[in-house]
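Just so it is clear, none of the values below were taken in a lab; they were calculated from the coordinates. From a predicted model like this one, the values you see are computed outputs, not experimental measurements. Counting neighbours? That spans all protein chains shown, and the Cβs are built from the backbone with ideal geometry, glycine included.
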2 protein chains.
Amino acid sequence: MAERLSDITIQRAIGAMTGWSRKGDTITKSYTRPSFLDGIAFVQRIAMEAEAKDHHPDIDIRYTKIIVTLSTHSAGGITQLDLDLAGKIDAAAG
Amino acid sequence: MAERLSDITIQRAIGAMTGWSRKGDTITKSYTRPSFLDGIAFVQRIAMEAEAKDHHPDIDIRYTKIIVTLSTHSAGGITQLDLDLAGKIDAAAG
């Protein structure tokens with residue numbers, strides 16, 4: 001099972017990524033897509049990555065804005081699984 | 001343009017529907033699907049209805065739970081457009 005990461009590890013990891021920020025026991029990023037349906041297609045790609053890892057982010061759809069929030073509830077915080085999925089989602093954002 | 005409906009009209013309309021409740025200037029409903037990917041497929045169907053009406057709900061994905069929130073921002077409240085789309089989304093929920 002994924003273990004909760006230390007504050008410094010999380011800080012370094014998201015410092016090396018673009019647009020992710022920490023909010024308590026979660027990391028979050030907002031993506032803006034060219035259109036509503038582009039956003040929905042992106043949600044579909046996020047879902048495929050999530051299902052492949054059996055790790056499911058919270059996703060908020062606000063017209064062309066897609067807000068993704070990651071946390072590992074079973075570990076009570078942010079784990080490597082969240083960072084890995086964050087990377088996959090960034091790659092899926094193209 | 002769709003006009004803002006009166007409180008009594010909104011109350012009657014959502015009273016005739018299942019699971020919808022009013023929250024301020026919005027109407028909202030939470031659906032639970034059998035699996036995460038069933039939820040995503042449902043979001044896809046909601047998106048098709050939304051795009052057809054050029055009216056886009058807020059959608060929150062929480063694992064198998066899909067929360068839909070409708071409002072007509074241009075009218076500053078709830079309009080017939082929201083009630084119509086709510087009906088379409090209920091139909092898409094199957």
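Between beta-carbons, use under 13 Å as the cut-off and find the net charge around A:Ala52, counting Lys and Arg +1, Asp and Glu -1. Spelling it out: positives minus negatives among the neighbours equals -1. If you take all other residues with their beta carbon under 15 Å from the beta carbon of B:Gly87, and give Lys and Arg +1 and Asp and Glu -1, the sum is +1. Loop-located trypsin sites (Lys or Arg not before Pro) across the stretch B:37-86 with a Cβ neighbour count of 10 or fewer within 10 Å are lacking, with loop assigned by DSSP. The stretch between B:Ala93 and B:Arg45, if pulled fully straight at 0.36 nm per residue, gains 16.4 nm over its current Cα-Cα span. Using Cβ point charges alone (K and R +1, D and E -1), the dipole size of chain B about the Cα centre works out to roughly 320 debye. Roughly how far apart, in whole Å, are the Cα centres of the stretch B:52-80 and the stretch A:44-94? With the stretch B:52-80 and the stretch A:44-94 each reduced to a Cα centre, they are spaced 22 Å. Farthest toward the positive end of the dipole of the stretch A:25-93, out of A:Gly76, A:Ala50, A:Ala91, is the Cα of A:Ala91, where the dipole comes from beta carbon charges about the Cα centre.
Pairs from the list A:Lys29/B:Lys88; A:Lys88/B:Lys53; A:Lys23/A:Lys53; A:Lys23/B:Lys23 with a Cα-Cα gap above 28 Å: A:Lys29/B:Lys88; A:Lys88/B:Lys53. Using only side-chain charges placed at the Cβ, +1 for Lys and Arg and -1 for Asp and Glu, the dipole size of the protein assembly as shown relative to its Cα centre rounds to 160 debye. The calculated FRET efficiency for A:Ser74 paired with B:Ser6, based on their beta-carbon distance and R0 = 41 Å, is about 0.30.
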